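The values are calculated or read from the model by the stated rules, or taken from the named source; none is laboratory data. In this text, all values refer to a predicted model and were calculated from it rather than measured experimentally. Note that we place each Cβ from the backbone using ideal geometry, even for glycine, and neighbour counts take in every protein chain shown. Heavy atoms of the whole protein, side chains included, go into the accessibility calculation; ligands, DNA and RNA do not. Shrake-Rupley method; radii C 1.70, N 1.55, O 1.52, S 1.80 Å.
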Amino acid sequence: MITQIESNVISILESTPMFKNIEHHELQKMLHCLNPRILKYSKSETIVNSHDPFQGIGIVIEGEVLIAKESMAGDRTVMTVLKKGDMFGEMVSFSEKKVWPATVSAQADCTVIFVSPEKVISMCNKMCDSHRQLIENLLKIMSKKALMLNRKVEYLSIRSLRGKLCAYFLEQHKITEKNIFTLTMNRDELADFFNVARPSVSRELSKMKEEGLIDFHKSSFKILDYEKMKASL
């Protein structure tokens, strides 16, 4: 339901890829038609469990959300960490088997808005142009996410941990266009992301620092030798 925080929700949604190129007044009308649910979660609280019934496309309004996958043996692999404006669940929203494929939890206190995919594709007479834009935006997002999943497979296909770390840092460098950047994942989450033990990540990072490839303090990293990192792939 849209509540007293509607104005804050609209201002945040306006900056998200899902509602790109949709005017403020059109978005305001659209939210009443979409009738989304806005829910708050405390840090470490589970938002949805893997295999739970699908409840709508989620968009992070405040805080951080972690997406993780567990194997049959109970081992956890971190898929990604989402921040304000990021979304999740769109890849399963139109599948035949509508269950969550991964566990979603609150990385920090957060607010999430859930939108029914059925309402997204149900054209509304009040805002046809905007609704078509919404559907086009969603298709673009799903395409981009599919490409990102391919990238995840590429990471896992790199045999050495150093190669995985170098590939990840070089990608962060490409995204930020800076040699200094802040990782969204801590050491445990980074280890889960690469499907290795946490001590192995810490040990390899220390070696890379000693060898002059990188420097770091907590979650802040700096690339010192770009060419040497490329050679480690």
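Straight-line cross-link partners of Lys20 among the lysines, defined as a Cα under 22 Å from its Cα and at least 8 positions apart when in the same chain: Lys29, Lys83, Lys84, Lys119, Lys126, Lys140, Lys144, Lys145.
Extension gain, Lys20 to Phe216, is 67.0 nm, computed as 0.36 nm per intervening residue step minus the present C-alpha separation. Shown here is the pair-distance distribution of the chain: with all Cα-Cα distances grouped in 5 Å bins from zero up to the longest one, the shares run 1, 6, 12, 16, 17, 14, 12, 9, 6, 4, 1, 0, 0 percent. Here the accessible area is traced with a 1.4 Å probe on the protein chains. For the chain, carbon and sulfur cover 51 percent of it.
A straight Cα-to-Cα reach below 15 Å connects Lys152 with the aspartates and glutamates Glu171, Glu189, Asp192, residues fewer than 8 places away in its own chain not being considered. Backbone phi angles across region 216-222, fed through the Karplus curve with coefficients 6.51, -1.76 and 1.60 (θ = phi - 60°), yield HN-Hα couplings of 7, 9, 6, 9, 8, 10, 9 Hz in residue order; Gly and Pro are listed as x.
Across region 163-173, rounded Karplus estimates of 3J(HN,Hα) from the backbone phi angles (6.51 cos²θ - 1.76 cosθ + 1.60, θ = phi - 60°) give x, 4, 5, 4, 4, 5, 5, 5, 5, 4, 4 Hz, Gly and Pro being marked x. Seen against the Cα atoms of the chain and their longest principal axis, helix 198-210 is set at about 60 degrees.
Which one, Ile12, Leu66, Tyr41, is farthest towards the positive end of the dipole of the chain when Lys and Arg carry +1 and Asp and Glu -1 on their Cβ? Ranked along the dipole, the leading option is Leu66. Label-to-label distance, Ser95 versus Asp188, with points set 7 angstrom from Cα along the beta-carbon direction: 2.7 nm.
3J(HN,Hα) along region 10-22: 4, 4, 6, 4, 4, 8, 8, x, 5, 10, 5, 6, 10 Hz, from the Karplus curve 6.51 cos²θ - 1.76 cosθ + 1.60 with θ = phi - 60°, whole Hz, x for Gly and Pro. The slack in the chain from Lys178 to Arg132, taken as 0.36 nm per residue of separation less the alpha-carbon distance, amounts to 12.9 nm. Taking 0.36 nm per residue of separation and subtracting the Cα-Cα distance, full extension of the segment from Asp109 to Lys83 would add 8.2 nm. Oblate is the label for region 50-135. Its Cα gyration tensor axes, ordered a ≥ b ≥ c, give a/c of at least 1.5 and b/c at or above a/b. Under a GNM of the chain (C-alpha, springs under 10 Å), which listed residue has the highest mean-square fluctuation: Leu190, Leu39, Leu147? Among Leu190, Leu39, Leu147, the largest GNM mean-square fluctuation belongs to Leu147. Once Lys and Arg get +1 and Asp and Glu get -1 on their Cβ, which of Ser200, Met148, Trp100 lies farthest toward the positive end of the dipole of region 68-219? Towards the positive end, the residue furthest out is Met148.
Normalised per residue, the accessible area of region 2-136 is 51 Å², obtained with a 1.4 Å probe and no contribution from ligands, DNA or RNA.
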